[in-house]
Every structure is written in C-alpha cells, then in structure tokens.
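Below is one structure; the comments refer to it alone.
The values are calculated or read from the model by the stated rules, or taken from the named source; none is laboratory data. The shown structure was predicted, so the numbers you read here are calculated from the model rather than taken from an experiment. Note that we place each Cβ from the backbone using ideal geometry, even for glycine, and neighbour counts take in every protein chain shown. SASA here: full protein model, heavy atoms, side chains in, ligands and nucleic acids out. Shrake-Rupley method; radii C 1.70, N 1.55, O 1.52, S 1.80 Å.
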Amino acid sequence: MGVLGEARRRLLVRKAGEKATHELAYWRDRKDAHGDLEQSNAHYRWAFTDHFALPLDFYDGKRLLDVGCGPRGSLEWAGRAAERVGLDPLAREYQRLHSRKHAMTYVAAGMEAIPFPDAHFDVVSSFNSLDHVDNVGKAISELTRVTRPGGLLLLLTDVGHAPTPTEPQAYGWQILDRFLRHWRLIERRDFERPGDNMLDNLRAGTPFDHEDPRPRPGVLSARLERRTV
C-alpha cells in the first residue's frame, strides 16, 4: 500500500471510530433517560405492518434481515418468522445495553459486507440506516445480493439533509433510482420532515410538497420487490 493509500485507510478508520462513538453515545443517553430500550420498541411492528400495509401473518415462516437494526429489538415482534437477524456494526456493544436476552440474532457487520449467502432472506429492511453507511453503492449491492428473487426490501431513509458524523451520506430523492435495475418498485411515498424523529414524521404522514422550492430534508418510504431476472 502506498503512502496515499495508507493515509486514506487511516482517515477511514478514524472516521469510523468517530461515527461509532457518536452512535453509542446517542443510545447510552437514551437508555439513561428512558430506562429499558426494549420498552419503547412497539413502533417497529407498526412500521413493518401498518405503515407498509403488510399483515402480521405475512412474515410467518420468512427469513428477515434488518440492517442497521440498533439496540431496541427491531424484530422481536416477529415471533413466527423462520429467522430474525439484526445487522449492525455495533451489535456487540448494543447487546450490552439490553436488559434481557432478545429472541432475534444480532450480527456485528456493516451493510457493505453482509455475512450471509446469496438470496438468503425473504424480507430485508433498512430503516433510517442507509445514510449511515460509508459506501452507498456497496450497501445497495449487498442488500440486493442477500435478498431472494421475489423477496421484499422495505426502505425508510432521510433525504436531503446535511452530512453529520453518524449520517455522512447526503443524497436526494433520486437515491431510489440506484435500486431500480434489480428491484421493482411496488410503492413509494415521500414525506415532509418537520422534526428529527423519523417515527413522528411517518405518523404525521404529511406528503412532501415537491412544488415547494425551499431546500429541506424529507423522508422516503419505499417497498420494492427483487426482480427475478
């Protein structure tokens, strides 16, 4: 590795460390302020079912992967799924924040290198995580690779915001175009983002006014199906 390559590697390592520090600090503060994180995770079931108009029994017998899952037990509600995996680079650290053992499996890995075989999962979800990655292209490729043909991707992501230490990717509404070679769009909804809490913005359900020229962030919600060819 040349001098420039080594310098870049060190920069990436430093940035990754800074991002992890900010992420952990956020969740530790939440735990200190609200107690058990698992007591406030009912919104996950709402997102997977009511928000995406999928009945609870749709998930029966399916293999589920939630990327960028966080520490709250995002798939604990899916008791009849065949497999429940939460993927997050900080999974080991997050497990130390749990007040009890979760039924889902946690895997410590990033979205750019998912340690599962091709076409392994029936449903893959990315809720408020795609803009946290270091390489969007690799992340999209991996989401595609591990989803079986005909499987679903449930995507919720902020768009149009300025980069932050934990959300370094600043993309616009066109991010969905990068999926469409291998995915068929089933449903898309664009929402205004009056606050920083994604759940509150989704529950408010205010459609994003694309005729309003003011630059501002929004929330993109999309349900996509993995193409079979």
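Compute the Cα gyration tensor for the stretch 54-143, then decide on rounded, prolate or oblate, letting a ≥ b ≥ c be the square roots of its eigenvalues: rounded whenever a/c is under 1.5, prolate when a/b is larger than b/c in the other cases, and oblate in all that remain.
Details: a/c = 1.84, a/b = 1.14, b/c = 1.62.
Oblate, since a/c reaches 1.5 and b/c is not below a/b.
Would you list R45, R96 from the most to the least accessible area, probe 1.4 Å?
On the way: R45 115, R96 175 Å².
From most exposed to least exposed: R96, R45.
Solvent-accessible area per residue for the stretch 123-184 at a 1.4 Å probe radius, Å²?
Details: 2320 Å² over 62 residues.
Spelled out: the 1.4 Å probe surface of the stretch 123-184, per residue, equals 37 Å².
What dipole magnitude, in Debye to the nearest 20, does the stretch 158-226 give about its Cα centre under +1 on Lys/Arg Cβ and -1 on Asp/Glu Cβ? Write down the numbers at each step before the final one.
Numbers: 11 positive and 12 negative charges, 74 e Å.
That gives a dipole near 360 debye.
By the scheme Lys and Arg +1, Asp and Glu -1, what is the net charge of all other residues having a beta-carbon under 13 Å from that of D66? Don't skip to the end; give the middle numbers.
Details: positive: R45, K62, R63, R72, R84; negative: E76, E83, D88, D122.
Result for the neighbourhood of D66: +1.
For the stretch 80-175, what does the relative contact order come out to in percent, with C-alpha contacts under 8 Å and a separation of six or more?
Working: 142 pairs, mean separation 24.1, N = 96.
The normalised contact order for the stretch 80-175 reaches 25 percent.
Accessible area, 1.4 Å probe, largest first: how do K138, K62 sort? Show your work: numbers first, answer last.
Numbers: K138 120, K62 45 Å².
Most to least solvent-accessible, the answer reads K138, K62.
Within a Cβ distance under 10 Å of P194, other residues only, what is the Lys/Arg minus Asp/Glu net charge? Present the calculation step by step, with values, prior to reporting the outcome.
Working: positive: R193, R216; negative: E192, D196, D200.
For residues surrounding P194, the net value is -1.
Rounded, prolate or oblate: which fits the stretch 122-229, taking a ≥ b ≥ c as square roots of the Cα gyration tensor eigenvalues, rounded meaning a/c under 1.5, else prolate when a/b beats b/c? Please report the intermediate quantities before stating the final value.
Values: a/c = 1.93, a/b = 1.51, b/c = 1.28.
Prolate, because a/c is 1.5 or more and a/b exceeds b/c.
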